[in-house]
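Undergrad: Before we start, here is the structure in question, set down as structure tokens.
The values are calculated or read from the model by the stated rules, or taken from the named source; none is laboratory data. In this text, all values refer to a predicted model and were calculated from it rather than measured experimentally. Here Cβ is always computed from backbone atoms with ideal geometry, including for glycine, and neighbour counts include all displayed protein chains.
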Amino acid sequence: MCFVLAWAGPFLWMVSTSFKLPSQVMTRDIEWIPRTFTLQNYVAVLKYPIATWALNSIIAATIATGLCIAASALAGYALARLRFPGRKLIFMIFLASLMIPPEIGVVPLLIGMIRMDWASTYQGLILPTVANVLGVYIFRQFFLTFPRELEEAAIVDGAGPLRIFWSIALPLARSPAIAATVIVFTLNWNNFLWPLLITFDEDMKTLPVGIAAFAPVVGTHTQMEGYAVAMAAVTLLCIPSVALFLLLQRYFIAGLSAGGLKG
């Protein structure tokens, strides 16, 4: 219960602050319920091109997530079910890459995208975010528990590895696919650093980059007014991720559980 409160507390405070008047934000007493409900903070946010930023985020996050799930499912199946030299070594390298901060490769990746003239384009925004080791791990752990009898029966019928994957393994991997989709979509939707660097044009900004403009300037007279508007902007940013999780939470938990049955 304490962990639930610790997680939900900041979220509830964010939503509450988004409906407060600027004069009611920085108070001595903690007020979870606004004394005066107002929508002026959301009106201020909607004066900016939120719809364009949101559309860019939807396009980038959806396509990147779809490509990532497809690649992760193929890689996870290959690492779990196919026998080839270096299979375990490749998987260990995948896991080791999780310890490398992604910021290390941002500069050379950005230079490469600029030289390819992909700056401020959807392909430049999407393709570098497709690879995700966590998705590969979830699928691999699930396919390790995949019944070998089904594969053997398909092989007797003349099916090859790709046919077995497409017709038998992938349809049974709905739960890990949904779990990976929720995680990868949330990461792509909230991605800030790469869209900030690769989008030079205003009309190519994503929602996290766009709402960064609402961050209050600490130490100035606008700080108090800025918090309420910033919380309204961040609340709008959280809606898709929270809605997706609430919609698919049963499959999400089942997918993570299925992926953790065998190491």
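Undergrad: Does the range 6-17 hold any residues that are hydrophobic (A, V, I, L, M, F, W, C) and under 26 Å from THR36 (Cβ atoms), and which are they?
TA: The answer is ALA8, PHE11, LEU12, TRP13, MET14, VAL15.
Undergrad: Let me ask something else. Show the residue pairs meeting these rules: Cβ distance below 6 Å; 6+ apart or different chains; first residue within the range 178-204 and over 15 Å from ILE253 (Cα atoms); second residue of a type in the set (Val, Ile, Thr) and in a loop (DSSP other than H, G, I, E, B).
TA: Every condition considered, the pairs that remain are PRO195/THR206.
Undergrad: Shifting gears a bit: What tally of residues in the range 56-95 results from selecting those that are more than 13 Å from VAL136 (Cα to Cα), in a helix (DSSP H, G or I) and among the aliphatic types (A, V, I, L, M)?
TA: So the answer is 7.
Undergrad: Here's something else I'd like to know. Identify, please: which residue in the range 6-26 is more than 25 Å from the chain's Cα centre (by Cα) and hydrophobic (A, V, I, L, M, F, W, C) and is, among those, nearest to VAL45 (Cα to Cα)?
TA: Among residues in the range 6-26 that are more than 25 Å from the chain's Cα centre (by Cα) and hydrophobic (A, V, I, L, M, F, W, C), the one nearest to VAL45 (Cα to Cα) is PHE19.
Undergrad: Of ALA177, ALA230, which residue is crowded, with 19+ Cβ neighbours inside 10 Å, at pLDDT 90 or above and over 18 Å from SER120 (Cα atoms)?
TA: Step by step, each of ALA177, ALA230 is checked, and only ALA177 is crowded, with 19+ Cβ neighbours inside 10 Å, at pLDDT 90 or above and over 18 Å from SER120 (Cα atoms).
Undergrad: Next question, about the same structure. When the residues of the range 167-207 are filtered to those that are part of a helix (DSSP H, G or I), more than 13 Å from the chain's Cα centre (by Cα) and of a type in the set (Ser, Thr, Tyr), which remaining residue is farthest from ILE111 (Cα to Cα)?
TA: Residue satisfying both the conditions and the ranking: SER167.
Undergrad: Hey, another quick one. Within the set of pairs 6+ apart or on separate chains, which have a first residue in the range 26-42 that is over 14 Å from MET231 (Cβ atoms), a second that is in a loop (DSSP other than H, G, I, E, B) and modelled with pLDDT of 90 or more, and C-beta atoms under 8 Å apart?
TA: Matching pairs, first to second residue: ARG35/LYS20; THR36/LYS20.
Undergrad: Only helices (runs of 4 or more DSSP H) wholly contained in the range 114-166 count here; list those with 2 or more residues that are in contact (Cβ under 8 Å) with a residue 60 or more places away in the chain and under 23 Å from LEU95 (Cβ atoms).
TA: Of the helices (runs of 4 or more DSSP H) lying wholly inside the range 114-166, those with at least 2 residues that are in contact (Cβ under 8 Å) with a residue 60 or more places away in the chain and under 23 Å from LEU95 (Cβ atoms) span 133-143.
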